[in-house]
1. Is it the case that the stretch 4-15 has a residue that's closer than 29 Å to residue 251 by Cα, exposed (fewer than 14 other Cβ atoms within 10 Å of the Cβ) and over 41 Å from the mean Cα position of the chain (by Cα)?
2. With the structure loaded, tell me whether residue 112 is over 30 Å from residue 200 (Cα atoms), hydrophobic (A, V, I, L, M, F, W, C) and not assigned by TED's automatic domain parsing to the domain that holds residue 819 or whether it fails that test.
3. State all residues of the stretch 438-461 that are assigned to a helix (DSSP H, G or I) and either of a type in the set (A, V, I, L, M) or without any contact (Cβ under 8 Å) to a residue 24 or more places away in the chain (or both); if no residue qualifies, say none.
4. Does the stretch 706-718 include one or more residues that are assigned to a loop (DSSP other than H, G, I, E, B), among the small types (Gly, Ala, Ser), at pLDDT below 90 and not assigned by TED's automatic domain parsing to the domain that holds residue 656?
5. Quick check on the stretch 631-641. Is at least one of its residues in contact with a His (Cβ under 9 Å, 6 or more places away or on another chain) and not in a helix (DSSP H, G or I)?
6. Given the structure, is residue 531 out of contact with any His (no Cβ under 6 Å at 6 or more places or on another chain) and assigned to a strand (DSSP E or B)?
7. Farther than 19 Å from residue 698 by Cα and not in a strand (DSSP E or B): which single residue out of 429, 413 fits that description?
8. Within the stretch 314-345, which residues are surrounded by 15 or more Cβ atoms within 10 Å (Cβ to Cβ), modelled with pLDDT under 85 and not in a loop (DSSP other than H, G, I, E, B)?
Amino acid sequence: LATLADGLIREVGAAPGERFLQNIALSFDASVSDLLMALTSGAALVLNPAPQPATAGDLAGLIVRHRITRLTLTPGMLATLTPREVPTLRGLHLGGEALPAETARRWAAAGVRVVQAYGPTESTIAATMSAPLRAGETPHIGVPVANTRALVLDEALQPVPVGVVGELYLAGAGLARGYVGRPELTAERFVACPFGAGERMYRTGDRVRWSRHGVLEFVGRVDDQVKVRGFRVELGEVEAAVRSHPAVDQAVVIVREDRPGDERLVAYVIPEPGATMDPAALRAYTAEALPGYMVPSAVVTLAEFPLSASTKVDKRALPAPDYQEQSAGRAPRGPREQLLCDLFAEVLGLDRVSIDDDFFALGGHSLLATRLASRIRSAFGAEVSVRTVFEAPTVARLAPAVDNAASRPAPARVLPRPDRIPLSFGQRRLWFLNRFEGANAIYNMPLALRLTGDLDVAALEAALGDLVARHESLRTVFAEDETGPHQVIVDAEVARPGLTPQPSSAERIDDDVALAARYAFDLAAEVPLRVWLFEVSPREHVLLLVLHHIVADGWSMPLLMNDLGAAFRARRDGVEPSWQPLPLSYADYALWQQDVLGDEDDPQSPLGRQLGFWRDALAGLPDEIALPVDRPRPVVASYRGDRVPVEVPADLHRGLVDLARQCGATVFMVLQSAFAVLLSRLGAGSDIPMGSPIAGRTDDALNGLVGFFVNTLVLRTDLSGSPSFTEVLRRVREADLAAYANQDVPFERLVEMLNPERSLSRHPLFQVMLSLNNTEQAPAGAVSGVDGLSVSAQGVGAGVSKFDLLLGLSDGTGPDGEPILRGILEFSVDLFDRETAEDLATRFVRLLAAVVANPEVRVDRVPVLTTDELTRLVDGPDGTRRDL
C-alpha cells in the first residue's frame, strides 16, 4: 500500500490543498486509492453523504458543490461528464476499464491530468500506472509500480517480443496469498514464476503488449476473444475500430445470441454531442478497417451506457438490437450475383456471403483465389485471373469483371489417346533428372500411417488395389524410345501392390520407415509406387506408401488418404468401393495441357505469351545468392538434409493476417517479404529469388486426380534502395500476382529458356524454397472409421534436402484452439550445421514480430540479432555495458 500511495501521489498530483471525492463503494478495492492519496498527501477527502455512489446525473453537481480537484473513477463513468461541467477538476485517476482514446484526448486537452492505472484486486489494487497522458497520446497502462514485475508471456510461459500480444502475469510484493477457501482456483491463477526461484506470479487473464516506447498497452481480456461464424474475434479490436469513427464518443461491442445458434456482433455507441449516428454508415466505415466477419451486424445508439455497482458498463443490461433495420450485408441483386455469392461461400467454407463481403477478409488466400477463379471459369465460361480476384475481392465488384472477361479456354476434357502418351510439362524435368542423376530418393513422397488395433490385412491389400485401379498415374511407367519419353499405363491387376507384413519393433520402426522411404525408383522399369506394411506388434502396424513426385504432389496426398479410407471400409464390409468415377485421368490432362497452351513458338499462344513474360521478369537473375553457410559448397551436392521446427504463435499469426489485410496482400506474401529481408540482412544481397510451389490445378475437373500438377514459380524479391517493409510487401504483391497470371509455364521450360550456368552443386534459378501449405488436409483418421482400428500419422525422416534451404509452413491450431503457423526449416547438411539452421528459424520469427510491430521500419533497420548476440555486443568483456 505504501508503494501504491507513493506512485499515486506522484502521478495524480496529490498535495495539500487538493480535494478528493470518495464516490466509490467501499466494497470495491479501488476505493482505497482516494483514501490513500488524501491521507498520505495532506489533501482533503470529501465523503459522499449519500448511501450509494453518485450516479451519472448527480456526479457533476457533487464535484462542483464540493470543489473537487482530484477524482478516481472508471472510463465508463467519466463518459457521463464533460470538462466544461466540472471546471474545478485538475486530475483524474482512471481504471477498471480500457480508456478510449477520444476520452483521454478530450480531458487532457482541457488541461486535466489524466492517469490510467491497471491492477486486479489480486495484486493490491494497482500494478501498473501511466504517466499523465498527453493530448493525442494513445492511452496505455504505463509501467509496473515499484516492487512489481509485469511479464508478457505466450502460451508456453515464454516472453514475447515487443509489439506482440501476450498474457500479462504479475509478480512482486503486492500479490495476494490466494483465494480464501478456494485452493483449486488459487492453484490455477497463482503459478510458479519460471524467472525467479521460489517466486509466484498471478495470471491476470488480460492480453497486453509492450510498445516500442516501453509502456504496456491493454488489448483486452483473454475471454474477450470469441468465435463468430467460425472466426476468432478480438472484441477490443472491433471496439477500437468503432470508436475511431468521428461521430462516436463511446463504444462497447458484445456478442449476442438472441436466437439459438445465431451469434452476432453488436456495437453499442454513444454519439459525440450534436452528432447524428447512421448505423449503416458506421458499419461501412468499420468494414474499411476490419475483415467482414468482424463488422458488427447491428449498431445500437444510446444516450448513456447502463453501469454496474462498480460503475463499469453493465453489458448484461444492454438492449437487444432490431436486426430488421440493419442487414448484415447486401443480398444478391440477381442470379449472377447469387451464383457468385454461392461460389464465394463454397470456396471459403461458409454458409453465406453478402455481395459486400471481402474474399480475403473472410479467410481467402492465393490458393483459394486460384480455386475461386477456376470455379468462375466453370460456372460462367469466363476467363477470370487471380489478379482480378485480388483487385475486385467482393461479389459486387467482381460481377462486372466477370461480364467483361474473355471466354475461357477449352475446359479439361478427355481427348483421343494416341499410341504414345506424352509426359506433361512438369513430368519432363523430373524424368530428365531421374535419367541424368540416376535413381535416387530426392523426389520421393512418403506417407506413413500408424494403425493400432485389429487390422484386416487382406482388406487393406484389396483397398490398395482399388486405389491403383482408380488412379492411372500410380501405375504408369515412363518408357523411352528414339523419339523420347512417353507414358505407358500398366494394367491394374499387374500393378496391384502386394502386402506382406514385415517384422519390426518399437525400437527400430523409425529407422525401418526411414530406410524404406529412401527407395530409389527406376521410372523406366517400374511403377512409381511402393508399399510396405511393418508389424511392430500383433496390434500395431505402420503402413508406408512411397510415391515418386512425378506422379503425385502435396494436393494428392489427402486424396490418397481419403480414397484409401473409403476403399478399406468397403472391403472390410465385403463390397467394392462406391466412389464416383473420375471425370478424366492424368494422361488426359497431359494431352489437354499441350492442346490448351499451344505452340511456344507462336508468340500469341498462351504458352508463347507467358514465356515472354518470364524472359523479362527473370532477366539478370543471380545464379546463386550468398547464404550464411558453415562450409563451402561441394562440387556435387549430396542432397543430404535435416530439418528444425518453426512455429509462429497465435498472437503473431493474427498480426501477420492483419498486416496482409491492411496491405491488400496474403500471409504468404508477408512471409516471403520477411524471409527475403532476413536473407538480405545476412548477406544475400538485394535481389532474392525464391522458389514456391503453386497447385497448378486450374480446372475443377483436375481436383480429384492424384498426379503431378504442381508447378514451381520463381518469385523475385526486390530489396533495392533501403525500402520500408510495407514497400517491400507492395513490390512482392505486384511481382507475385504477375507470376500467378503466368503460372502455366513449367519450371523446367524456364530453365531451358534461361539456360543458367549448369552446376551439380546447386539448384538452378533459386536455392531457397518457400511454401505455405493452406490446402484442406485430410483428417488424421482418414482411413479409420472401422471398429477396433485407429489411425495416426507416423513421422518419416528421409534425411533429404533438394534445396539449400526450404521453409515450409502450414496452417495449424495451437493448444487453445487458435490458428498458428507451424512447419520446418529444411537445410542441406552439405552447407549448414543444425545450430545455424536453428538460429535462422529463431531470427525469422523474431523478424516477423518486428515488422508486425512496426511495418514502416526500413528493412536495413529490422533487428535480426538473437538475444545472446545482442548481449555479447552490448556487454563488454568485463561485463560493462557499451552504447551502440
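The values are calculated or read from the model by the stated rules, or taken from the named source; none is laboratory data. Every value quoted in this text rests on a predicted model; they were computed, and no experiment measured them. Cβ: placed from backbone, ideal geometry, glycine included. Neighbour counts: every protein chain shown.
1. Filtering the stretch 4-15 for residues closer than 29 Å to residue 251 by Cα gives 8, 11-12.
Those still in the list that are exposed (fewer than 14 other Cβ atoms within 10 Å of the Cβ) too: none.
So far as the stretch 4-15 goes, no, none of its residues is closer than 29 Å to residue 251 by Cα, exposed (fewer than 14 other Cβ atoms within 10 Å of the Cβ) and over 41 Å from the mean Cα position of the chain (by Cα).
2. Details: over 30 Å from residue 200 (Cα atoms): yes; hydrophobic (A, V, I, L, M, F, W, C): yes; not assigned by TED's automatic domain parsing to the domain that holds residue 819: yes.
Yes, satisfied.
3. Taking the stretch 438-461 and keeping what is assigned to a helix (DSSP H, G or I), we get 457-461.
Scanning the stretch 438-461 gives 457, 458, 459, 460.
4. So in the stretch 706-718, the residues assigned to a loop (DSSP other than H, G, I, E, B) come out as 706-710.
Subsequent filtering for residues that are among the small types (Gly, Ala, Ser) retains 707.
After this cut, where a residue has to be at pLDDT below 90 as well, the list is none.
No, there is no match, as no residue in the stretch 706-718 is assigned to a loop (DSSP other than H, G, I, E, B), among the small types (Gly, Ala, Ser), at pLDDT below 90 and not assigned by TED's automatic domain parsing to the domain that holds residue 656.
5. Restricting attention to the stretch 631-641, the residues satisfying the condition of being in contact with a His (Cβ under 9 Å, 6 or more places away or on another chain) are 637.
After this cut, where a residue has to be not in a helix (DSSP H, G or I) as well, the list is 637.
Yes, the conditions are met somewhere in the stretch 631-641.
6. Values: out of contact with any His (no Cβ under 6 Å at 6 or more places or on another chain): yes; assigned to a strand (DSSP E or B): yes.
It is true that residue 531 is out of contact with any His (no Cβ under 6 Å at 6 or more places or on another chain) and assigned to a strand (DSSP E or B).
7. Working: 413 fails: farther than 19 Å from residue 698 by Cα.
Every option except 429 fails the conditions.
8. Those that are surrounded by 15 or more Cβ atoms within 10 Å (Cβ to Cβ), modelled with pLDDT under 85 and not in a loop (DSSP other than H, G, I, E, B): 323, 336.
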